[in-house]
Amino acid sequence: MINVIGLGYIGLPTALMMASHGVEVVGTDYNKELVATLNAGKTTFKEDGLDELFNDAVKAGIRFTTEYQKTDTYIVSVPTPYDKFSKKVDACYVVAAVKEVLNVCPDGATIVIESTVSPGTIDKYVRPVIDRPINLVHAPERIIPGNMVYELLHNNRTIGADDKATGEKVKEYYASFCQGEIVVTDIRTAEMTKVVENTFRAVNIAFANELARICRHDNMDVYEIIRICNMHPRVNILQPGPGVGGHCISVDPWFLVGDYPQLAKVIDESMKTNDSQPTFVLNRIYEIMKENGITDTCRVGLYGLTYKENVDDFRESPALQMLEAQERHLARPLKCYDPFLENHRIAENQIFDFDQFLDEVDMVVIMVKHDHIKHNWDRLKGKVILDCFNICPIEGTYHI
Ligand code: SAJ
């Protein structure tokens, strides 16, 4: 039996996936409300295919509880909070969960850590609390919010273990559902690959953002340039945008900068470029306001507040970063609206009704590529539009 510890964005789908593929699973979370919701037959967040998966897992006998179970295999998928100022990840929840497991597990049990950690964390913080023969494994998650169920099934995975036999045993559990390739390696390599993957993407996005600034400076079309460059068989540039949000790409690369400040120069600069992108877009907004005689920031509205399209997750979102920057300039806050946050206030000047939002603004800034926006182009006609993603078909649209 597998005891999955932490039933959040990663732990829940992983537990459901294993249970619906014939593995005996008990899910444990210390949040009583969350466990009660699951036991009442409801999922706790929205993802394509998650409800169906939940029903399959319940039929297969998955159980949810606040208690740690006595068994031979554990998967720990608790959050690893990140401190914005020190740029360090805090492994306290991982360590606390491992300690709780140690209170109940037999000698020889395997503890798999799925939570993202900075390279070296397991040796530095987890190993020291282990006082008995226990097999430690790091199997970092790789799924993308918005497409989690599909990616759990199809992505390749990495499993880091101290010895091959343990790695292969854990691989079998993941192979129950994962159709991708599963690589077994050591723990340090597994920790590093996860962070490097997200760093690769962060640096590539920073490159695209820098190109956008260069092109803006001399009035060139960055999208056309990237499109043509990407026709080269060995070039694959990502897209510029209003900044980078979420809990992974905007966070993980800082671990490397924090640990290797003298060596991680490209990464450091890239992160600074992405972090300053919301301010770059803010200046672009002021420029376009001036050009169109709009004097009041209250007549400008951000369309989209989440960190990416079609999810309700707003952690580190570029729109919020922009509102913070604006606050520092002591400007009157921009209006904002997000179809995914119609019942959830996260900003001062947030409007919860799309019609009202359109009534109250003369200029709309497209901050996220939600499908909602793509179905409402007609409603935007007549507004001044700044499109941060080059998706708007309306003539006269401004770009970053
Ligand atoms: N973004 C751009 N330009 C692009 C692509 C993305 O500006 O061309 C922005 C997005 O708008 C968003 C941010 O970057 O604000 C990050 O979005 P994302 O969709 O690229 O990634 P995440 O953070 O949702 O998920 C990533 C994924 N990692 C990689 O693609 C290497 C996912 O596979 C990981 O599981 C996840 O991080 C994680 O947990 O680490």
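Overview of results
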| item | result |
| --- | --- |
| Per-pair calculated FRET efficiency, R0 = 56 Å: residue 329 and residue 188 via Cβ, rounded to 0.05 | 0.80 |
| Extended-chain gain in nm, criterion 0.36 nm per residue less alpha-carbon gap, residue 265 and residue 33 | 79.1 nm |
| Acute angle (nearest 10 degrees) that the helix 92-104 long axis makes with the longest principal axis of the chain, alpha-carbon atoms | 20 |
| Over the range 196-279, equivalent-ellipsoid semi-axes from the Cα gyration tensor in Å | 23, 14, 11 |
| When the convex hull of its Cα atoms is projected in every direction, mean area for the chain (nm²) | 21.0 |
| 222 nm mean residue ellipticity, helices alone, for the chain (DSSP H n ≥ 4; -39,500 (n - 2.57); rounded to 500) | -12000 deg cm²/dmol |
| The range 7-84-the range 207-268 distance, computed between alpha-carbon centres (Å) | 35 |
| Under Karplus coefficients 6.51, -1.76 and 1.60, residue-wise ³J(HN,Hα) of the range 181-191 in Hz, glycine/proline x | 7, 10, 9, 9, 9, 8, 5, 4, 5, 4, 4 |
| Inverse mean reciprocal Cα-Cα distance (Kirkwood Rh) of the range 2-185, Å | 16.5 |
| Extension gain (nm, one decimal) between residue 375 and residue 342, 0.36 nm per residue minus Cα-Cα | 10.2 nm |
| Computed over the range 2-185: relative contact order in percent, which uses C-alpha pairs under 8 Å that are six or more apart | 20 |
| Cα long-axis angle, helix 164-175 against the chain (0 to 90 degrees, to the nearest 10) | 60 |
| The chain - share of DSSP beta bridges that are antiparallel (%, nearest 5) | 10 |
| Computed lengthening from residue 162 to residue 48, 0.36 nm per intervening residue step minus Cα-Cα distance | 37.5 nm |
| Computed over the range 221-305: relative contact order in percent, which uses C-alpha pairs under 8 Å that are six or more apart | 21 |
| Surface share of carbon and sulfur [accessible, 1.4 angstrom probe, percent] for the range 243-365 | 50 |
| Low-density loop cleavage sites - trypsin sites (Lys or Arg not before Pro) in the range 14-116, where at most 15 other Cβ are within 10 Å (DSSP) | 42, 46, 70, 84 |
| Contact order relative to length of the range 197-399, as percent, for alpha carbon pairs under 8 angstrom and 6 or more apart | 19 |
| Normalised per residue, the volume of the convex hull around the Cα set of the range 1-66 (Å³) | 67 |
| Label point distance in nm, residue 56-residue 92, each placed 7 Å from Cα along Cα→Cβ | 3.8 |
| Along each principal axis, Cα extent of the range 253-363, largest first, Å | 51, 33, 21 |
| Whole-number accessible area per residue in Å² for the chain, which is evaluated in the context of all protein chains at 1.4 Å | 47 |
| Loop-exposed chymotrypsin sites (Phe, Trp or Tyr not before Pro) per DSSP, neighbour cap 14 Cβ within 10 angstrom, longest uninterrupted part of the chain | 86-351 |
| Qualifying trypsin sites (Lys or Arg not before Pro) in the range 303-343, DSSP loop, other Cβ atoms within 10 Å at most 11 | none |
| Whole-Å distance, taken between Cα centres, linking the range 152-176 and the range 344-400 | 44 |
| For the range 197-399, diffusion coefficient by Stokes-Einstein and Kirkwood Rh (Cα), 25 °C, 0.890 mPa s, µm²/s | 140 |
| Stokes-Einstein diffusion coefficient of the range 109-165, Kirkwood radius over Cα pairs, 10 °C, 1.306 mPa s, in µm²/s | 124 |
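The values are calculated or read from the model by the stated rules, or taken from the named source; none is laboratory data. These figures come from a predicted structure and were not determined experimentally. So basically every Cβ, Gly included, is an ideal-geometry build from the backbone, and we count neighbours across all protein chains shown. Calculation scope for accessible area: heavy atoms of the full protein, side chains included, ligands and nucleic acids excluded. Shrake-Rupley method; radii C 1.70, N 1.55, O 1.52, S 1.80 Å.
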